[in-house]
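Contents: one structure, followed by commentary.
The values are calculated or read from the model by the stated rules, or taken from the named source; none is laboratory data. Quick caveat, the model's predicted, so the values are computed rather than measured. Please note: Cβ atoms are built from the backbone with ideal geometry, for glycine as well, and neighbour counts cover all protein chains shown.
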Ligand code: HDE
C-alpha cells in the first residue's frame, strides 16, 4: 500500500512543474538564448521576413496553437486548491481510506462552473452551477462531479445531447448566450416532462447564487458505499456551505453581468487571497440496501431527491479552499474530472444517467485535451504512484523502461501485477443483475411532478414570488405562443397558483387541469432556513469630504471586526478627509463601481456634497433598496434615506448612536436581503 498522503502532497508534486520566469533570460523552447524579441529577421531594413528566423517561427507557431476546445458544457469555470478533513470515520460504511482516517487531510482541487455559457461568458447568469471536486487520496483520485442542484433534467444519458442542443444558443444565429430564456430550451422542457423538478430549481433563487462560497453542492446520483466486509449502503453526497446558501436578485444578477462579468471568480479569488477561506461541510445520506424500495419514488431516478427530513444528512467532514491556482490554463482548464474516477469503497448505482456519464467524461477529454495521456498533466496526476502497461500516444511524458508492456508476462515476473482486494485492489460491487435487453423506462421513473410540487410547497412566499417572476421572464422571451402555452399547461401539474400567475404575466390562456394534490413539504429546501452571518459581506460606504471623522472610523472598525468588508466609494480616488483629522482611503469612484457589486450600503455622506454626488448617491440608495439590500446611514448620510421616504422599512438602519448603529446594521446584513419590502 502506498504511503499516506497529506494536504501538502499535491502542492509539493505541482512544485516540480512550476516555473518562475521572472528575472530570467529569454530563450527559445530549445533553450537557446534570444538576442532580439522586437523585430523579425529581414532581408534588408524594409525587406521580407526570412524563413530562417527560428525564434519568430517558434513564437508564432506556439501562439497559433494556444487554444484548445472549450468544454462542451461547463466551459466557464473557476477553481481552487484546498483540503478535506474528516470529522468522523465512515469505516462502518466504506473502506475508502480517506473516509476512515480522521488524522488524514486529503488535498483537493475544486472547479466551479456555469453550464450553458461559453468560456468567455458572464458568471451571474440563471443556470445550474457545477461543483466538481478531485480528492487526491492515497488510493488514487476520487472525483465527485456534482452540481449545486440535487436533481437533473433528464433520466437517461441518451437524452443529454438533446438537452444540451436545446439549451445552448440556437444554431442558426448563435443566440442567446448563457441563457435558457429561448424557444428551443422551453420546447425541450414541454416535450420532455421528466425535467419538471429540475426546472423548478432552475427557476428558483438557487440558479443565481450570491457567491460560489454560498451555494450547496450535490452528487445528484445515488452512489454506493462498500465496507471491508463487502456490505453496501446507498449514499447521496452533499456539500453545505458554512456561510449558508444565498442568492442574488434577478435584476441585480443581470446588471452584474455587465458591470463585472467575472463577479463569481473575483469573489472566490479575493476571499482566498484575503484568508477568508471558503468552507463547505460534507454530508452523506445513507440508506440500507434493504430500504431501496421504501419510498414513493425510485432511488435510481436522478430527477428525485431524498428529502432530508426522511433521510437525514450526516455531516462527516469539511472542505476548505485555501490556495488559488498559479495558472488558470494549466490547472483549471486542463483538469479532467470523471464520475468514474472512484476509489475502493465507493461504487456506482444503476442510475441510467450516471451509467451514461461513465462513458462521456473520458471521451470528451480525448478531444479536449488532445489524446489519452491527459492523466499525466500535473493537475490530473494522482499523488500515489501509478503503473500499468498503457504506452505511447500524443504528449506521453513518462519514460517507461524495459521491454515488457503486457500482461501476463514472465520477463518482468508478471508485473505490474494486479493487487488483491486485501491489498487495496478495486473490486466492483457484486450486485446481482438480471433482465432482458430492453430500451425502455421503468414504470417507477414515471412520476415527474410530485417532487416538483414538494419543492414548490417548501418555498417561502418571497421564494415563490421569485419562481413566478423567473418563469415570466423566461417564457416572456419565448417567441412561440404554442411553446409558452405548453409550458404553462405542464406546470399546472406542479401548482395551479404558479401556472395561473405565469399565464397571466405572459398573456397565455389559463391552464386546464386541477393542479397537484401533493401537500408534503421539506423545510430543508428553503433558503429562508439557511445559515445567516455577516462574515465577508461587502459594504459599499458612500462618503465625501468633512464626514464625522471619529464616529465613522469607529463604525468601520466595528464592521470589520464582524468580518464585513467595507469599501469606500467617493467622487474621486485618493484620501477623503473627515473631521478631527481622520483620513480614509477611497477604494472606488462612482464610475468604477456600482451598487449591484455590494451586499449592503452604508451612507456616510459629508459636509461637501455637490449635485453629482447627490445624484449618484440617490441612484445607489434606490437601487440597493430595490434589491432588498441592507442600508445604513449615519450623520449627513441620513438625508438620502429620509428623502426616499424608506426609513422604517426593514433592513434600513438610521441612527447617529455608534453602538446602536453597529448592532442594527450587523443584524440587517446578516439577514442577507429584506424581502418584506416587496409587500410595501
Ligand atoms: Fe456532466 N459533463 N454530464 N453532469 N458535468 C461534463 O465533461 C455529461 C451531469 C458536471 O469542472 C463534460 O470534462 C453527460 C450531471 C460538471 O471540468 C461532459 C451527462 C452532473 C462538469 C459531461 C451529464 C454533471 C461536467 C463536459 C448526462 C451533476 C464540469 C466537459 C448523462 C451531477 C466538470 C467535461 C469540470 C462536465 C457529460 C450530466 C456535472 C461532456 C453525458 C447529472 C460539474 O463529459
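Contact map, region 332-348: residues that are over 14 Å from residue 221 (Cβ atoms) paired with residues that are within 13 Å of the ligand (Cβ to nearest atom) and part of a helix (DSSP H, G or I), Cβ distance under 6 Å, separation 6+ or inter-chain. Pairs shown: 334/379; 335/379; 336/365; 336/374; 336/380.
When we screen 377, 369 for residues that are within 11 Å of the ligand (Cβ to nearest atom) and either under 23 Å from residue 98 (Cβ atoms) or out of contact with any strand residue (DSSP E or B) (no Cβ under 9 Å at 6 or more places or on another chain) (or both), the only hit is 369.
A quick yes/no check of all residues on (1) within 25 Å of the chain's Cα centre (by Cα); (2) in a loop (DSSP other than H, G, I, E, B); (3) at pLDDT 95 or above:
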position	(1), (2), (3)
474	yes, no, yes
497	no, no, yes
519	no, yes, yes
541	no, no, yes
554	no, no, yes
569	no, no, yes
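Restricting to region 313-351, what's the tally of residues that are surrounded by fewer than 21 Cβ atoms within 10 Å (Cβ to Cβ), within 19 Å of residue 112 (Cα to Cα) and more than 13 Å from the ligand (Cβ to nearest atom)? Residues that pass the stated criteria total 9.
Of 94, 102, all but one fail to be assigned by TED's automatic domain parsing to the domain that holds residue 162, in contact with a strand residue (DSSP E or B) (Cβ under 7 Å, 6 or more places away or on another chain) and without any contact (Cβ under 8 Å) to a residue 24 or more places away in the chain; the exception is 102. For region 153-179, filtering for residues that are more than 13 Å from residue 126 (Cβ to Cβ) and within 16 Å of the ligand (Cβ to nearest atom) leaves 15.
Please verify whether residue 25 is part of a loop (DSSP other than H, G, I, E, B) and away from the ligand (no atom under 16 Å from the Cβ), treating the condition exactly as stated. Criteria met by residue 25.
Scan region 180-193 and give yes if some residue there is within 22 Å of the chain's Cα centre (by Cα), part of a loop (DSSP other than H, G, I, E, B), closer than 19 Å to residue 524 by Cβ and within 16 Å of the ligand (Cβ to nearest atom), otherwise no. Looking for residues that are within 22 Å of the chain's Cα centre (by Cα), part of a loop (DSSP other than H, G, I, E, B), closer than 19 Å to residue 524 by Cβ and within 16 Å of the ligand (Cβ to nearest atom), one finds none in region 180-193, hence no. In region 284-304, what count of residues is obtained for those that are under 24 Å from residue 135 (Cα atoms) and either within 16 Å of the ligand (Cβ to nearest atom) or not assigned by TED's automatic domain parsing to the domain that holds residue 195 (or both)? Qualifying residue count, region 284-304: 3. Could you tell me which residue of region 109-133 is nearest to residue 421 (Cα to Cα), considering only residues that are more than 9 Å from the ligand (Cβ to nearest atom) and in contact with a helix residue (DSSP H, G or I) (Cβ under 8 Å, 6 or more places away or on another chain)? Ranking the qualifying residues of region 109-133, first place goes to 109. Being outside the structural domain of residue 636 (by TED's automatic domain parsing) and touching a helix residue (DSSP H, G or I) at 6+ places or on another chain (Cβ under 6 Å) is a property that residue 523 has.
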